[in-house]
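K.L.:
Got a structure for you, written out below as structure tokens; questions coming shortly.
The values are calculated or read from the model by the stated rules, or taken from the named source; none is laboratory data. Keep in mind it's a predicted model, so treat the numbers as computed, not measured. Here Cβ is always computed from backbone atoms with ideal geometry, including for glycine, and neighbour counts include all displayed protein chains. Each accessible area value is taken on the protein alone, full model and side chains, heavy atoms only, with ligands, DNA and RNA left out. Shrake-Rupley method; radii C 1.70, N 1.55, O 1.52, S 1.80 Å.
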Protein chains: 2
Amino acid sequence: MTTTHSADGAVPLDRVWPDEFFTDLDHNCPVPLYYQVSTRLERAICDGDIPAGARLENEVAIAQRLGVSRATARRSIQALVDKGLLVRRRGIGTQVVQGQVPRPLELSSLYDELKDTDHAPATRVLLHEVLPATGPIAERLRVPEGDDVLHIRRLRTSDGGPVAILENYLPGGFLDLSAGELAAQGLYQLFRARGVAIRVANQAVSARLVDAEEADLLGIASGDPVLTMERIAFDDPGDVVEYGTHCYRPDLYAFETTLVAK
Amino acid sequence: MTTTHSADGAVPLDRVWPDEFFTDLDHNCPVPLYYQVSTRLERAICDGDIPAGARLENEVAIAQRLGVSRATARRSIQALVDKGLLVRRRGIGTQVVQGQVPRPLELSSLYDELKDTDHAPATRVLLHEVLPATGPIAERLRVPEGDDVLHIRRLRTSDGGPVAILENYLPGGFLDLSAGELAAQGLYQLFRARGVAIRVANQAVSARLVDAEEADLLGIASGDPVLTMERIAFDDPGDVVEYGTHCYRPDLYAFETTLVAK
DNA sequence: TAGTGGTCTAGACCACTGT
DNA sequence: CAGTGGTCTAGACCACTAA
């Protein structure tokens with residue numbers, strides 16, 4: 001067998017690197033080089049321009065072709081390894097993962113998810129009140145008991161049908177969030193608009209039976225199950241931004257994730 | 001205010017770096033330097049030896065103290081940033097996240113989870129058969145329809161009580177997995193023992209009502225809800241290793257996760 | 001302005017894999 | 001053995017933040 005083929009349509013086993021996708025790298029652009037490479041490479045893979053199972057050229061060769069250091073090339077590749085698109089094996093090489101399309105999804109809001117998947121999200125604000133934090137709420141929001149917090153309850157619909165009931169508590173800094181704002185945008189959008197970036201969140205997903213009021217709101221029968229999610233979200237400095245307990249119609253919603261081993 | 005305090009018990013606002021935790025770094029050890037630093041640093045944070053909210057010394061100083069390059073020190077810190085324990089801000093510094101203990105949890109098996117949390121997991125094999133793959137199963141396992149696959153159904157108990165019913169299909173390479181092995185160990189343990197490393201998994205969590213047989217097995221009433229999980233797991237080269245549909249008692253189990261924003 | 005993290009380079013040596 | 005990814009170094013310049 002020779003070492004280099006060029007146009008064998010069937011199974012390109014030899015090293016692959018499509019230079020043509022990387023002609024417009026800009027070393028003077030404010031966007032980092034590794035990111036430019038990474039995004040282009042990701043697109044080439046997702047579009048199938050680099051076929052599943054293909055072996056990439058080795059890192060030093062890639063770095064040379066791109067005109068960047070090996071560290072930079074490596075960092076670009078690492079980003080896709082972390083996403084589960086590429087697999088590295090020492091002594092072997094780097095390979096595109098075999099057929100599958102691992103969806104991204106992480107730490108996003110229901111509103112964003114629905115919007116991104118071409119559903120039309122809408123929100124009805126069922127409750128909007130400021131009250132002093134009771135024990136359990138104060139504990140979860142990490143504020144002193146008795147501090148004013150915002151308590152909201154929303155019905156989230158998608159394409160007109162009810163999908164979830166979202167109950168949230170927010171600490172003192174957000175008392176001025178209006179019902180109008182909450183009806184028009186997702187909670188996490190409002191956070192972003194205020195310059196609050198969610199950094200970490202702890203969440204637990206489970207199930208229970210629906211209660212009568214929820215059944216009515218969600219348009220399901222009493223005795224039906226609901227999917228539940230409880231979440232505490234933290235901002236950059238580690239302060240609690242939101243505590244929420246949500247319940248979802250399990251026939252309309254599931255928590256889908258792609259997990260990548262460390 | 002002076003720039004360096006030493007023993008002000010209350011609020012150590014100045015830069016923090018406990019040299020004493022890093023006296024045993026071994027440059028000749030096969031375990032990577034960045035990993036040695038990272039694990040020690042993580043423990044110091046989790047044990048509270050570096051208090052929540054503390055600001056770390058700057059990266060160049062840390063690197064000097066450790067006797068490593070800045071890149072290595074940086075990589076150690078980055079690992080903890082990815083875990084949500086640290087926050088970096090350009091022009092400001094690196095800070096320990098304010099009070100919380102984000103649990104790890106990612107791509108692990110129920111068996112491991114129970115074991116790690118000091119519960120005693122046990123497995124009863126309810127079903128163990130080899131059969132030709134029907135359409136939907138073949139599609140999910142990415143094997144030709146009619147290929148032999150292993151179909152298993154297990155009851156997982158914790159401290160003697162039933163927690164979940166695990167139904168799985170495995171492709172041809174695993175037909176020889178015995179019922180005895182499955183009773184004694186978790187599925188993912190068996191994979192590891194065979195040198196199969198799970199790399200990526202797609203999973204969806206939802207809820208439904210329990211059926212009569214399941215209710216009996218799980219020791220709950222018919223009409224009760226169960227938490228469901230469906231998962232397809234891929235190994236290093238991207239081949240499907242396992243397809244499973246599980247159902248859990250929601251009063252005994254929840255999917256807990258810590259999400260970190262990219 | 002001085003200090004911080006964010007990026008990048010051009011080397012180097014090693015451990016592992018196949019032949 | 002030669003080739004691969006994994007790690008590490010010692011520099012450098014930049015963008016951002018605060019005083």
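K.L.:
Residue check: is residue A:48 part of a loop (DSSP other than H, G, I, E, B), within 12 Å of DNA strand D (Cβ to nearest atom), surrounded by fewer than 12 Cβ atoms within 10 Å (Cβ to Cβ) and at positive phi?
P.N.:
no
K.L.:
Tally up the residues in the range B:205-224 that are open to solvent by 30 Å² or more (accessible area, probe 1.4 Å) and either among the charged types (D, E, K, R) or within 12 Å of chain A (Cβ to nearest Cβ) (or both), please.
P.N.:
Selection size over the range B:205-224: 10.
K.L.:
I'm trying to understand the selection: among the residues of the range A:58-70, which are in contact (Cβ under 8 Å) with a residue 12 or more places away in the chain, farther than 13 Å from residue A:92 by Cβ and either in a loop (DSSP other than H, G, I, E, B) or polar (S, T, N, Q) (or both)?
P.N.:
A:67, A:68
K.L.:
Right, another one. Out of everything in the range B:51-62 that is among the hydrophobic types (A, V, I, L, M, F, W, C) and over 30 Å from the mean Cα position of the chain (by Cα), what residue ends up being surrounded by the most Cβ atoms within 10 Å (Cβ to Cβ)?
P.N.:
My answer is B:61.
K.L.:
Within the range B:231-243, is even one residue in contact with a Pro (Cβ under 7 Å, 6 or more places away or on another chain) and facing another protein chain (nearest Cβ under 7 Å)?
P.N.:
No, the range B:231-243 has no match at all.
K.L.:
Would you mention how many residues in the range A:244-262 are among the β-branched types (Val, Ile, Thr) and more than 9 Å from chain B (Cβ to nearest Cβ)?
P.N.:
Number satisfying all stated conditions: 1.
K.L.:
Also: Output the number of the condition that residue B:121 fails; it satisfies all remaining conditions of (1) surrounded by 16 or more Cβ atoms within 10 Å (Cβ to Cβ); (2) modelled with pLDDT of 90 or more.
P.N.:
Among (1) surrounded by 16 or more Cβ atoms within 10 Å (Cβ to Cβ); (2) modelled with pLDDT of 90 or more, residue B:121 violates only (2).
K.L.:
Which of the numbered conditions does residue A:87 fail, given that it passes all the others? Conditions: (1) assigned to a strand (DSSP E or B); (2) touching a residue at least 12 places away in the same chain (Cβ under 8 Å); (3) within 21 Å of residue B:79 (Cβ to Cβ).
P.N.:
(2)
K.L.:
Select, from A:227, A:182, the only residue that is away from every other protein chain (no Cβ under 12 Å) and open to solvent by less than 40 Å² (accessible area, probe 1.4 Å).
P.N.:
A:182
K.L.:
Are any residues in the range B:63-99 more than 8 Å from DNA strand C (Cβ to nearest atom), open to solvent by less than 30 Å² (accessible area, probe 1.4 Å) and polar (S, T, N, Q), and if so, which ones?
P.N.:
Result: B:76, single match.
K.L.:
Right, next: Give just the number: which of (1) open to solvent by 50 Å² or more (accessible area, probe 1.4 Å); (2) of a type in the set (Asp, Glu); (3) in contact with a strand residue (DSSP E or B) (Cβ under 9 Å, 6 or more places away or on another chain) does residue A:242 not satisfy?
P.N.:
(1)
K.L.:
Does the range A:22-39 include one or more residues that are within 12 Å of DNA strand D (Cβ to nearest atom), touching a strand residue (DSSP E or B) at 6+ places or on another chain (Cβ under 7 Å) and open to solvent by 70 Å² or more (accessible area, probe 1.4 Å)?
P.N.:
no
K.L.:
Could you please find all residues in the range A:207-242 being of a type in the set (S, T, N, Q) and under 21 Å from the mean Cα position of the chain (by Cα)?
P.N.:
A:228
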